[in-house]
Amino acid sequence: MEGLPGGGRTDLGATDERPRSISVSIEQLLDSAPDGVVIFDSTGMIRLLNRQAEILFGYARDELLHQSVDVLLPERGRSDLDGLRRAFLQGATSRPIEAGRDIPVRCRDGSECLVDASFSVLETDDGPWLSAAVRDSADRRDLEARLDALEATSRLAAIVESSENAIIGKTLEGVIVSWNAASERMYGYNAEEIIGHNISELMANDRVHELASILERVTHGESIEHFETERVRKDGTPLEVSMTISPIRDAAGAVTGASSVARDMTETRRAQADRRALEAQLQQAQRLESIGQLAGGVAHDFNNLLAGIMNYASLVSTSLDEEMTKRGLAQDEAFVTLAQDVDEIMNVAKRAAALTHQLLIFSRRKVMHPEVLDLNAIISDMEKLLRTTIGENVDDLQIVLAEDLPLIKADRGQIDQVVMNLAVNARDAMPDGGRLEIETTVFEVDEQYADLRDIKPGTYARLTVSDTGTGMSQEVADHAFDPFFTTKAHGHGTGLGLATVYGIVTQAGGDVAIYSEVGLGTTIRVSLPATCDEASDPRAPNPEVPMAARGQTVLLVEDEEIVREPTRRILLKHGYTVLTARNSDDALYIVRAHSGAIDLLLTDVVMPGRSGKDLSVDVTALRPEIKVLFMSGYSQDVIVHQGVIDEGVSLIEKPFSADDLLRKIHDELLAHS
């Protein structure tokens with residue numbers, strides 16, 4: 001704009017192609033600008049301004065020309081503009097444009113406002129001038145506010161749309177006006193289907209009455225938090241939801257609608273139910289474990305007492321028979337009755353031993369002699385006995401055996417007991433007759449089921465016994481495996497049948513579960529882990545063996561006199577030389593001091609001080625040729641691993657009869673002779 005002060009007009013766009021010239025004044029150019037323009041020189045004197053500046057400041061053009069620019073500035077804004085003017089007018093002639101500065105200005109009526117000013121330097125014949133293009137910044141701030149509000153609205157809309165919770169807006173009459181993506185996923189309706197409909201369409205019939213109360217509370221400005229209720233999906237599926245309902249207010253604060261944020265609690269409730277069930281199973285397992293420990297301890301001590309009772313009774317019976325024969329009293333009624341009483345003592349003791357045997361199985365302290373078994377073959381072998389045992393109570397016995405059922409490894413006698421106990425239990429649950437089904441299947445246990453039931457994943461052989469009997473309530477089923485728990489009449493059951501099944505199966509590494517409903521019957525499923533071992537050969541029955549000794553010496557070590565003394569007398573009576581000790585220290589003294597041979601160490605497992613196994617190690621070190629036979633009221637880890645007898649270990653379980661003891665000793669001496 002060289003020469004701007006020297007002339008008032010300029011020639012624009014004259015060319016050879018367009019000979020007609022157009023003349024436009026500087027004032028016309030400035031007046032066409034959309035912003036106010038104020039041009040002042042280095043002293044601050046206003047030299048030019050346009051029509052928009054007049055409008056903005058309220059001055060006529062003649063009132064401002066040749067006035068200091070300070071007339072447009074309040075006192076607080078003059079220092080800023082002076083500094084800016086000096087910075088622009090010093091130095092090089094080429095200046096960058098300074099834009100977007102908020103400058104306070106004073107209008108003709110004395111009012112003040114902020115203007116958005118952009119500055120540039122004009123080189124003129126009179127030196128550099130400063131041009132300021134200004135506009136009311138209120139418009140810019142309003143635009144920025146609208147943009148911020150739009151951005152916030154967009155951001156809020158994005159948050160609502162991406163939320164995992166169903167967010168629904170509705171009028172105070174319950175008409176749906178907004179619907180996010182999570183609402184579609186939760187309820188099954190898309191926005192086009194549901195917007196404009198009443199929220200009651202999502203409510204279960206028995207929950208519609210809640211709507212009026214909710215809307216009334218929201219209308220009064222109340223928020224409802226963590227409200228749990230039931231809703232219905234498009235396909236009719238019920239949903240359990242937890243929601244918060246809040247009022248929507250306009251700019252004046254009046255309530256114009258309601259918004260609800262809902263979370264589907266169906267899976268949460270299911271997870272909570274599963275967790276409660278798992279906790280109940282854990283509590284049951286802990287309860288059974290505690291009962292099992294108590295039962296095992298009691299059974300151990302009781303077995304020692306029973307061993308004494310049985311062996312003393314055996315001694316009395318043998319002596320009585322000998323005396324009756326010697327004196328010719330075999331037909332004397334009084335002595336015969338006395339002999340029968342002694343035999344009855346033996347029978348009662350054996351019945352008590354059977355009970356403790358079941359307690360030991362339940363507590364998993366019963367020694368197992370595992371072998372590879374075919375569960376199908378066991379059930380087939382037992383079928384005739386089962387049909388005889390269940391009798392006329394069962395109208396129909398169905399046995400369904402799966403092909404390719406895997407082999408299992410367990411104690412044959414204990415598996416027989418499982419099958420029989422389950423069948424008898426089912427029979428007793430059908431006093432008026434019914435159907436009993438015994439089925440085998442292959443069952444694959446995955447990681448999830450294994451964790452839930454505390455077993456190892458893999459292949460299992462499953463035995464299922466189902467009846468159509470009276471069934472049981474959940475409370476009864478929860479205690480079905482507890483020892484001595486029974487619903488049978490007094491005298492008709494010990495309450496150890498299912499407890500024994502539980503002990504056998506869990507000791508074998510398996511799982512047992514019960515499913516029952518009152519009036520519909522009961523199903524019990526037993527899962528036993530498959531084995532890759534080869535099937536065992538059937539064990540031949542023990543032949544009759546002579547009981548008398550052949551001059552052998554037995555070292556008997558037992559801390560309980562009630563067991564030690566009758567055992568000593570039985571062995572003496574059958575020709576053995578017997579050395580006795582109350583503990584391991586006494587036994588070692590005898591081993592070192594005795595000059596003759598000692599053929600067998602017969603020792604209790606659990607004794608005060610050192611155990612029977614530790615004693616056997618020391619004795620065999622001194623006398624390598626000696627045989628060892630352990631006695632125990634229940635299995636311990638010192639001789640067995642998890643209830644399974646170690647290889648090479650011989651054990652006789654208390655209580656034992658005289659015949660059992662003599663046969664076991666004979667077998668042990670014969671096997672190593």
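The values are calculated or read from the model by the stated rules, or taken from the named source; none is laboratory data. Please read all numbers here as calculations on a predicted model, not as lab measurements. As a convention, Cβ positions derive from the backbone with ideal geometry for all residues, glycine included, and neighbour counts pool all protein chains shown. The accessibility values were calculated without ligands, DNA or RNA, using every heavy atom of the protein model including side chains. Shrake-Rupley method; radii C 1.70, N 1.55, O 1.52, S 1.80 Å.
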Odd one out for Asp109 among (1) charged (D, E, K, R); (2) part of a strand (DSSP E or B); (3) more than 30 Å from Ala212 (Cα to Cα); (4) modelled with pLDDT of 70 or more: (2)
Any chance you could count how many residues in the range 485-533 are open to solvent by 60 Å² or more (accessible area, probe 1.4 Å), of a type in the set (Asp, Glu) and at pLDDT 85 or above? 1
Tell me, yes or no, whether the range 211-219 has at least one residue that is under 12 Å from Met186 (Cβ atoms) and in contact with a helix residue (DSSP H, G or I) (Cβ under 8 Å, 6 or more places away or on another chain). no
Whichever residue in the range 201-240 is touching a Lys or Arg at 6+ places or on another chain (Cβ under 9 Å) and small (Gly, Ala, Ser) and, among such residues, is modelled with the lowest pLDDT: Ala204
Can you find, within the range 444-484, the residue that is nearest to Ala423 (Cα to Cα) among those that are among the small types (Gly, Ala, Ser) and modelled with pLDDT under 85? Ala480
Of all residues in the range 224-255 being out of contact with any strand residue (DSSP E or B) (no Cβ under 9 Å at 6 or more places or on another chain) and of a type in the set (A, V, I, L, M, F, W, C), the one that is most open to solvent (accessible area, probe 1.4 Å): Ala251
Among (1) at pLDDT 85 or above; (2) within 16 Å of Thr500 (Cβ to Cβ); (3) among the basic types (Lys, Arg), the one test that Lys409 misses: (2)
Can you give me the number of residues within the range 256-281 that are outside any helix (DSSP H, G or I) and either open to solvent by less than 80 Å² (accessible area, probe 1.4 Å) or in contact with a Leu (Cβ under 7 Å, 6 or more places away or on another chain) (or both)? 9
Just for strands (runs of 3 or more DSSP E) wholly inside the range 381-484: which have at least 2 residues that are open to solvent by 10 Å² or more (accessible area, probe 1.4 Å)? 396-400, 435-445, 458-467
Out of Ser79, Ser120, sole residue that is part of a strand (DSSP E or B) and either at pLDDT below 80 or within 24 Å of Arg51 (Cα to Cα) (or both): Ser120
In the range 569-586, residue least open to solvent (accessible area, probe 1.4 Å) [restricted to those that are under 20 Å from Val619 (Cα atoms) and assigned to a helix (DSSP H, G or I)]: Ser584
Looking only at the range 366-380, and only at residues there that are open to solvent by less than 60 Å² (accessible area, probe 1.4 Å) and in a loop (DSSP other than H, G, I, E, B), the one that is modelled with the highest pLDDT: Pro370
Limited to the range 612-637, what total is found for residues that are open to solvent by 20 Å² or more (accessible area, probe 1.4 Å) and over 20 Å from Gln552 (Cβ atoms)? 8
Here's a check for you: in the range 309-347, which residue that is open to solvent by 60 Å² or more (accessible area, probe 1.4 Å) and closer than 19 Å to Thr567 by Cβ is nearest to the chain's Cα centre (by Cα)? Ile309
Among the residues of the range 156-173, the number that are among the charged types (D, E, K, R) and either open to solvent by less than 40 Å² (accessible area, probe 1.4 Å) or at pLDDT 85 or above (or both) is 2
Among the residues that make up the range 288-308, is at least one of them open to solvent by 20 Å² or more (accessible area, probe 1.4 Å), over 30 Å from Val418 (Cβ atoms) and at pLDDT 75 or above? no
With respect to Arg623, determine if the residue is of a type in the set (Lys, Arg) and either at pLDDT below 90 or out of contact with any Leu (no Cβ under 7 Å at 6 or more places or on another chain) (or both). yes
